[in-house]
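Input: a single structure, listed below in structure tokens.
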Amino acid sequence: LRRLDLLTAEEAGRAREASSLPEKVRAVVDVLAGKGSYASQSLQTFIETTNSQLYLHITVYEPMLQKHLEILQSYYGNGLEKGPLQRLTNLLLVEGLTDIQQKEHDILQIEATKGLRNVSKSIPLEKLFLPLSKVSVPPRISVTIGVAGVGKSTLVKLFVCTWAKGEINRDIMFVLPLTFRELNTYEKLSAERLICSAFPHITEPNCISAGAARTLLILDGLDEFKTPLDFSNTVVCTDPKKEIQVDNLITNIIRGNLLQEASVWVTSRPTAASQIPGGLVDRMTEIRGFGAAEMKDFLDQMFLDNRDLSSQVLQHIRANRSLHVMCTVPGFCWISASSIAYYLKNTTHQSPETTAVPKTLSEVYSYYFKMALSSDWPEKPRETLRIEQAVNNSKRIVGSLGRLAFYGLLKKKYVFYEQDMKAYGIDLSLLQSSLCSRLLLKEETQSFTAYYFSHLTTQEFLAALYYYLAAKRAIFDLFTESGMSWPKLGFLNHFKSTVQRSLQAEDRQLDIFVRFLSGLLSPQVNKLLSGWLLVKDEHNSFRSQAISFLQGCLNTDYAISSRSVNTMHCLYEIQHTEIAKTVEEAMKNESLAGMLTPVNCSALAYLLQVSDVCMEETNLSNCLTYNICKSLLSQLLFCHNLRLDNNQFKDNVMELLGSVLSVKDCQIQKLR
């Protein structure tokens, strides 16, 4: 339109159709098309005098927008391949968070639901911010949830890149992607300074704060925010120029007190998303994990030069149901596949007696850690470290990064900054080492430098390693960072205290940490890490007593919960599988009747998640009483095909089953 004097009538018509011009201006464009330089001058005069908003759009907003698009394309357009991201172009449309999503650790959510959400509706990415029907309005607050490593930040990157190319949501003039990692670096901000600080090229932030240009504000990674959001005590602020605490700024934006006209998109792990009251959320979506074909494609992409290795890795993953379910999450799949591939490449040099394919979480991460220490790291230049040097490095790094990981976990802190490194006495030059960079990733921008572990479970494994090594010589409770507590001597006392703490904790954030701690007492993990971090056979001093203590935690009553199931996982990690095997054998033979003690009930609840016997059909015929049925309810929710015949049930049990079928989490499809 700026070169109207050179356009033919047909070209001018196409140009005006492609622009969001008012009808009055469109008519003028048609009249002036092809009339020479007089046309451009006339159009400019007309716009200046009759439509100041459009004049601002052309002279101020348009150049800002062009600069904004260039910056977004250069920052977000690198390294995005369309193939593996197909999964992210269709999101699950969900009606709020389920109980398990609000309360449980991400890993427990995946295990309980077997990586599948009972949702029939989906929404394509390009319609994420559009009305669902002709009579509805676009959502103002959208929340997308997903467990750690499922691809939330990648989804944001994909959306921003696709929008910047003009392929989707052309009605949105400005997309402003921000991360909570970045917001953590501020104490106070105003709405306008938030925009100017993150996007210095936007010289007129009032066009966004006043709603003159349709804007989408993206807030990525709520679970990484340093301050919990408190909506019940929000100090109301409606002045976009007033500086307030950052957490208050976010709650005011979400409540609509600030940037009222902007759409807001928050991404988060499920538990953290529960901070936002459901009544404020207009649309909630969830990122699904891999399907079978997508997992195969992912592994083929990962081992592009070696399809045989890709097939072997997939075969091992499928052979272990628990691992297979976990590998529906891309971040975890990468770690597991890397560990199994490392094992397969190195088994030819060792006898089968000394090594076994990783099956437990602790074994997977022990191989992953050894791979990080070795020169066999994928996508990195090979380094040759002498074995003594590598061992010394690993001890130094576990001492430094492990402490950071452990106390970060206690404080629910997953992103660290240079001041955190100094506070924990971590030498910043140590972070330059290749081993450190394989475990702790670095994000560097003009305004901040942040560090974060490659996956939540990497932080938990390093935290467990640190705790294991420190607890052997600690005389005070390690959970008290100041060191001031009642004396606590001996590893087993520390171990028992940690297990009890995890069983009593409301937020369940220590569950996987405790699994790893148990796994470090297993013979297989000791073989893998002895000489590097563990002393050969030292686990023998603690293992049998740790097993007895864990079994004692099960022998309480018939109240089976995810805590009991996690304790069974701890026994699996420590390589004590006798209880589970006994109950699994009884299930196969349909001889469970009379043997469902509290301990065996816990084993049954665990098997409902991980056993191949329950995959096609969960057969609990002729073995359940009212109390046992009641204790297993939270686990029966996730059985797709449930067989309960010949149990002599009365009305009270029928009422229980009726309540289960109406729960939002329920995945039962067939009930006999």
Gain on full stretching of the segment that runs from Q301 to S561 - 0.36 nm per residue minus C-alpha separation: 89.7 nm
In order through segment 147-153: 3J(HN,Hα) via Karplus (6.51 cos²θ - 1.76 cosθ + 1.60), integer Hz, x for Gly, Pro: 5, 4, x, 7, x, 5, 5
With all protein chains modelled, accessible area of S662 [1.4 Å, Å²]: 90
Cα gyration tensor shape of segment 544-672, rounded if a/c is under 1.5, else prolate or oblate by comparing a/b with b/c: prolate
Segment 70-289: relative contact order in percent, alpha carbon pairs under 8 Å with at least 6 residues between: 33
Accessible surface of segment 596-641, 1.4 Å probe, proportion on carbon and sulfur as whole %: 52
Peptide ranges 214-220, 550-556 listed from the most packed, as the mean C-beta count within 10 angstrom indicates: 214-220, 550-556
Accessible-area composition of segment 70-289, carbon plus sulfur, in percent [1.4 Å probe]: 50
Accessible surface, 1.4 Å probe, highest first, among residues M568, M595: M595, M568
Volume per residue of the C-alpha convex hull in segment 70-289, rounded to whole Å³: 130
Estimated FRET transfer efficiency when R0 is 41 angstrom, pair Q648-W532 (beta carbons, to 0.05): 0.15
Listed residue pairs exceeding 26 Å between alpha carbons, taken from K422/K488; K103/K472; K121/K152: K422/K488; K103/K472
In Å², nearest 10: area of R193 left accessible to a 1.4 Å probe: 90
Cα gyration tensor shape for segment 146-189, rounded if a/c is under 1.5, else prolate or oblate: oblate
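How do F479, F461 rank by accessible surface area computed with a 1.4 Å probe, from largest to smallest?
Numbers: F479 30, F461 5 Å².
Ranked list, largest accessible area first: F479, F461.
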Length-normalised contact order of segment 389-575 in % [C-alpha pairs under 8 Å, at least 6 apart]: 19
List T618, T234, ordered by accessible area with a 1.4 Å probe, largest first: T234, T618
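If you roll a 1.4 angstrom probe over the protein chains with everything in place, what fraction of the accessible area of segment 389-575 belongs to carbon and sulfur, to the nearest %?
49
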Tensor-based shape of segment 389-575 (alpha-carbon gyration tensor, a/c under 1.5 rounded, otherwise prolate or oblate): prolate
Solvent-accessible surface (1.4 angstrom probe) belonging to W334, in square angstrom, nearest 10: 60
Dipole axis of segment 135-231 (+1 Lys, Arg; -1 Asp, Glu on Cβ), positive-most option in M173, I208, T227: M173
Spatially proximal lysines relative to K411 (Cα-Cα < 16 Å; intrachain offsets below 8 disregarded): K226
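The values are calculated or read from the model by the stated rules, or taken from the named source; none is laboratory data. Because the structure is a prediction, the values reported are computed rather than measured. Because the Cβ atoms are built from the backbone with ideal geometry, glycine has one as well, and the counts that use them run over all protein chains shown. For accessibility, only protein heavy atoms count, side chains too; no ligands or nucleic acids. Shrake-Rupley method; radii C 1.70, N 1.55, O 1.52, S 1.80 Å.
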